[in-house]
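Data first, discussion second: the structure below is written as C-alpha cells.
The values are calculated or read from the model by the stated rules, or taken from the named source; none is laboratory data. Bear in mind that the values here come from a model prediction, so they are computed numbers and not experimental data. Heads up, the Cβs are rebuilt from the backbone with ideal geometry, glycines too, and the neighbour counts pull from every protein chain shown. In case anyone asks, the SASA skips ligands and DNA or RNA and just uses the protein heavy atoms, side chains included. Shrake-Rupley method; radii C 1.70, N 1.55, O 1.52, S 1.80 Å.
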Amino acid sequence: MTPSPPVPEQANGALLARAFQDFDQAASVLQQSYVALTTRLHEMDLELAETNATLRKHLKETEDMRAHLTAILESLDTGVLVTDREGTVTRCNAAAEKMLGVPRDCLQGRSSREILEEAHLDRREYPLLLHDGMALSMTQAELNDPAGESIGRLHLFHDVTKVRHLEERLQRRNRLAAMGEMLGCIAHEIRNPLGSVELFASMLRKDLQETPHLRAYAEHISMAVQSMDRLLSNLLLYMKPNRSQAAWHETEALVQEALTMAAHALSASTVQVRFEADRFAARVWCDAAQMKQVLLNLIMNAVQAMPHGGTLSVVVQADRRCSGPGHAGTRVTVRDTGPGIPPEQQSRIFDPFFTTKDGGTGLGLAIVHALVEAHRGRIDVDSVPGEGTAFIITLPGKADGSDETDSRDETEQTMLAEEEKSL
C-alpha cells in the first residue's frame with residue numbers, strides 16, 4: 001500500500017519550529033555578544049577614565065613644573081634671552097627687560113641680532129656701560145635637545161656694576177698708596193733744604209732792616225717758603241694721617257662747627273643749607289679736628305659747585321652694617337645740586353693733584369680720602385651730571401681694645417665682604 005503524501009500544514013509547522021529554533025540560537029548569540037560588548041565597553045570606560053586621570057596628573061605636573069621654571073627664570077638676577085634656530089627671541093625674563101631697557105613685548109618675536117645691535121651689545125669689549133651707569137657683560141650658549149641637536153641659543157646678561165665699583169676701589173687704593181709713598185719721600189727731601197732757605201731769608205730780613213726795598217724781597221722769599229711748607233704739611237698729612245685724638249663727639253656739633261667755618265663762603269652765595277640727623281647717630285667716634293676738616297672741605301666743594309645757588313644737604317644716619325662691638329657705624333652724606341661730576345672723572349677725584357678748578361692744588365679730596373681711611377672708614381661719590389653730587393662717608397663704631405691697623409684692615413674686609421654678598 002502506497003504511503004500518503006505529507007500534509008502541507010505539518011510541513012509548515014516543522015519549518016516554523018526550525019525557524020524559531022534558529023532565531024532563539026541567533027538571539028542567544030546576540031545576547032552573549034551584547035553582554036561581551038557591554039563588558040568590554042565598561043572596561044574601556046574604566047581604562048579611559050584611568051588614562052584621563054593620568055593625563056590630567058601629568059598635565060598638572062607639567063603646568064606646575066612650567067610655573068616653577070617660570071618663577072625661577074623671573075627671579076634670576078641674570079638677564080635671559082632664548083632664541084630659536086633662526087635667532088628669533090621666543091622667551092625672556094624681567095631682568096633682561098630691565099638691563100636692556102626694552103619692554104618684553106618689544107623683545108619677543110624679534111631677531112636677537114637686531115636687539116643686541118640696538119643695545120650696543122654686539123661689541124667684543126666687556127663690560128659695557130649702559131643706561132644709568134650700569135655695567136653689563138654678556139655670555140652666549142647653545143641650546144640643545146636631548147639628542148644633542150641645536151634648537152636655539154641662550155643670551156645671558158650679567159650686571160657687573162658692583163664688581164666694577166669694587167675693582168675701581170681696589171685700583172684706587174693701590175694707586176693712592178703708591179702715590180702716597182712717593183709724595184712722602186719727596187716731601188721729606190724738600191723740607192730739609194726748605195728749612196735752610198727759611199733760615200737764610202730770616203737772616204736777610206734782619207740784615208736789611210735799613211733798606212726796606214731790599215728787605216721786601218727777603219719777605220717774599222719767606223712767604224713763598226711758608227706757602228711751600230703748608231703744601232708739604234698737607235702732603236705729609238695725606239701720607240700719614242692719624243686719629244690719635246679720637247673720642248666720642250656730638251655729630252650735630254661737628255657739622256655745625258664745620259658750617260660755621262664755611263660761613264664766609266655760604267654768606268656770599270645763595271646756597272640753602274639743609275641738615276638732618278638720625279637720633280641713632282647722635283655721636284660719632286672720630287678725631288674732632290680731622291673730621292671737621294673733612295666736612296669743611298666737602299662743604300666748600302659743594303658751595304663752589306653751585307655758583308648760581310642751590311641746596312646743600314648734610315644728612316647723618318646710623319649704619320649698622322659697619323659697627324664696632326655694641327656701637328653702630330655712622331654714615332654722613334654731603335650732597336649738592338650742582339652740575340655733577342662727569343663719569344670719566346669720578347674714579348680720579350681722590351687722586352693727589354687731580355683738580356678741575358683753576359688754581360686748585362688737587363689735595364683737598366685726596367686729604368679727605370686719607371683722613372676717612374685713617375678712621376677705618378670709606379668715602380664714596382655718587383654723581384649724576386646735571387643733577388648734583390653726593391659724597392658718602394661711612395665710619396665704623398668704636399673698636400674697643402683693638403690695634404688700629406688690624407681693626408682698620410678687619411673693618412675694610414668686613415665692608416668689602418658685605419658688598420660682595422649683595423652681588
From highest to lowest solvent-accessible area (probe 1.4 Å; ligands, DNA and RNA excluded), Cys185, Cys92 read Cys185, Cys92
Expected sort for 250-256, 100-106, 37-43 on mean C-beta neighbours within 10 Å, highest first, is 250-256, 100-106, 37-43
Checking rank on 270-280, 382-392, with mean other Cβ inside 10 Å and highest first, the result is 382-392, 270-280
Ignoring ligands and nucleic acids, Met261 exposes an accessible area, probe 1.4 Å, in Å² to the nearest 10, of 90 Å²
For segment 152-219, Rg(Cα) over 2.2 N^0.38 Å is 2.50
Segment 32-112: Kirkwood hydrodynamic radius (Cα pairs, Å) comes out at 16.2 Å
Projected convex hull area of segment 9-167, Cα atoms, direction-averaged, in nm², equals 17.6 nm²
